[in-house]
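What follows is one structure encoded as structure tokens, with my remarks underneath.
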Amino acid sequence: ASFDPARRAGSSFVVVANRLPVDRVENPDGSIRWRRSPGGLVTALEPVMRANKGAWIGWAGAPGTAPEPFDEAGMHLVSVPLSAEEVEDYYEGFSNATLWPLYHDVIAPPVYRRDWWDAYVRVNHRFADAAARVAARGAVVWVHDYQLQLVPEMLRALRPDLRIGFFLHIPFPPVELFARLPWRQQVLRGLLGADLVGFQRPGAASNFLRLTRRLLGYQTQRDQIFLPDGRVVRARSFPISIDVGELEEIARRPETERRAWEIREEIGAPSKILLGIDRLDYTKGIAERIHAFAELLNEGLLTPDEATFIQVATPSRERVEQYQLLRDEVELAVGRVNGTHGRIGRPAVTYLHHSHERTELAALYRAADVMVVTPLRDGMNLVAKEYIACRYDHTGVLILSEFAGAADEFRQALLVNPYDVDGLKQTMLQALRMEPREATRKMRAMRRHLVEHDVDRWASSFLTALSGEPGR
Ligand code: ADQ
């Protein structure tokens, strides 16, 4: 039905991701338009998309029939439909209640359900079919993330002429955890359909290499995996990043500076602000850090006039039970600490459970003396990088969990084990009391690294590695 002669030849560059990079907006008159979502992935890929008649395959975000393919912001967008039941089983179920907790160190217990797996297979087939239809002969196809791990193998079966890359945005677990997955062989073979499998950290790539030896008996050498059919697959790390220039430009605006000052006044002008910004997810260590901050106040090691905490928690996966429980835990902890230590107009913890514009986030980053990024496990964590990007004047202190991918790159941060409550408390005090000269020295080093490793560099190094390799 959607035959378009201009696109007959197909796209030579195709991105496959769970979500399309646009959000559906309803105009006041009831008509529909699409707005590019603010995500970093689109920004990074836009130049490649434009230069190569790029297509993006993904779900439009609402259950039911999908809109016809359309062009927006220089990209050809192809929607993959998901029924309401598939949203429950493939997305909320297998992706977010099985794979997500399993790949994040089983912080929450993964649920293994065969009907969820069946939906995962079915939906992955649908994405692979869509990619096979859209891709030009010999095209490069880049598949993203844990929702679509079977697509590389399925796509290769349909279109052996393609160059297929896969990037995992979340951690890849050690063999001992991965081995619990009842469908471990299938997932592994799915990924091995790619020519290049990318991870955030070198450790994740080694977990994967080790797994192919242990579970499938394949030979590996450095980053190469030798398949029985003669193909060679590579597994390597490509730490993702952000558009540093764009965010820094927002941070430097006078109105952002003004808003940062206003935020400080509005919460009672404390001398120091600690900040957390996360999706409300049990992997992010939000409750743990509120508990640690509360203990500092309870023990009198800190007063609420010295330091206040702002925690922004974006609503996320609200229909998954673990997320509902977490929300209650965080809100109970915030209520308790404010009940004890807050005054009218001067809360101990300011808690915001909603999404914000980039400009507001930049103002928050500018207002924060200490950024607290303490996930229990995180693929990378872009919030840490966003904070560094906004501190163009080399002020501010970053507390960073050892268990975030970003810890590989920012050794000058105050690294913590978020499970160690005393360590976390000590580190907060150390951050609040750090000499400005030391803070500047650290921030300068972190910024130097970040500026040279922005998201363009991430995308181009992955794509260069993908197209420059033998092993077809
Ligand atoms: P996430 O788990 O979503 O990403 P993260 O990397 O921190 O985690 O990215 C969150 C993004 O959402 C940031 O760009 C942040 O600014 C934005 N954000 C957070 N709260 C917001 C709010 N209230 N309003 C608006 N925006 C908000 C997954 C992996 C990470 C990996 C990324 C990218 O879990 O480990 O770094 O993908 O690969």
Task: Only one of 411, 447 that is among the basic types (Lys, Arg), surrounded by 13 or more Cβ atoms within 10 Å (Cβ to Cβ), more than 20 Å from the chain's Cα centre (by Cα) and more than 16 Å from the ligand (Cβ to nearest atom) - done: 447
Open item on the list: On the basis of being touching a residue at least 60 places away in the same chain (Cβ under 8 Å), more than 16 Å from the ligand (Cβ to nearest atom) and under 18 Å from residue 144 (Cβ atoms), does residue 9 make the cut?
Closed with: no
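Can you say whether residue 346 is surrounded by fewer than 19 Cβ atoms within 10 Å (Cβ to Cβ), within 28 Å of residue 332 (Cβ to Cβ) and away from the ligand (no atom under 16 Å from the Cβ), as far as the supplied structure shows?
Here the answer is yes, as residue 346 does meet what is asked.
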TODO: Output the residue which, of all residues in the range 157-209 that are of a type in the set (Lys, Arg) and in a loop (DSSP other than H, G, I, E, B), is surrounded by the most Cβ atoms within 10 Å (Cβ to Cβ).
DONE: 201
- [ ] All but one of (1) over 17 Å from residue 294 (Cα atoms); (2) touching a residue at least 24 places away in the same chain (Cβ under 8 Å) hold for residue 350, so report the exception by its number.
- [x] (1)
- [ ] Report, by residue number, each residue of the range 136-152 that is buried (at least 22 other Cβ atoms within 10 Å of the Cβ) and away from the ligand (no atom under 16 Å from the Cβ).
- [x] 139, 140, 141, 150, 151, 152
Task: Selection status of residue 212, part of a strand (DSSP E or B) and modelled with pLDDT of 95 or more - done: no
Task: Within the range 314-331, considering residues that are surrounded by fewer than 14 Cβ atoms within 10 Å (Cβ to Cβ) and in contact with a helix residue (DSSP H, G or I) (Cβ under 9 Å, 6 or more places away or on another chain), the one nearest to residue 286 (Cα to Cα) - done: 315
Open item on the list: Just checking, does the range 386-403 include any residue being within 12 Å of the ligand (Cβ to nearest atom) and among the small types (Gly, Ala, Ser)?
Closed with: yes
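The values are calculated or read from the model by the stated rules, or taken from the named source; none is laboratory data. All values reported here derive from a predicted model rather than from experimental measurement. Methodologically, a virtual Cβ is constructed for each residue, glycine included, from the backbone with ideal geometry; neighbour enumeration extends over all protein chains shown.
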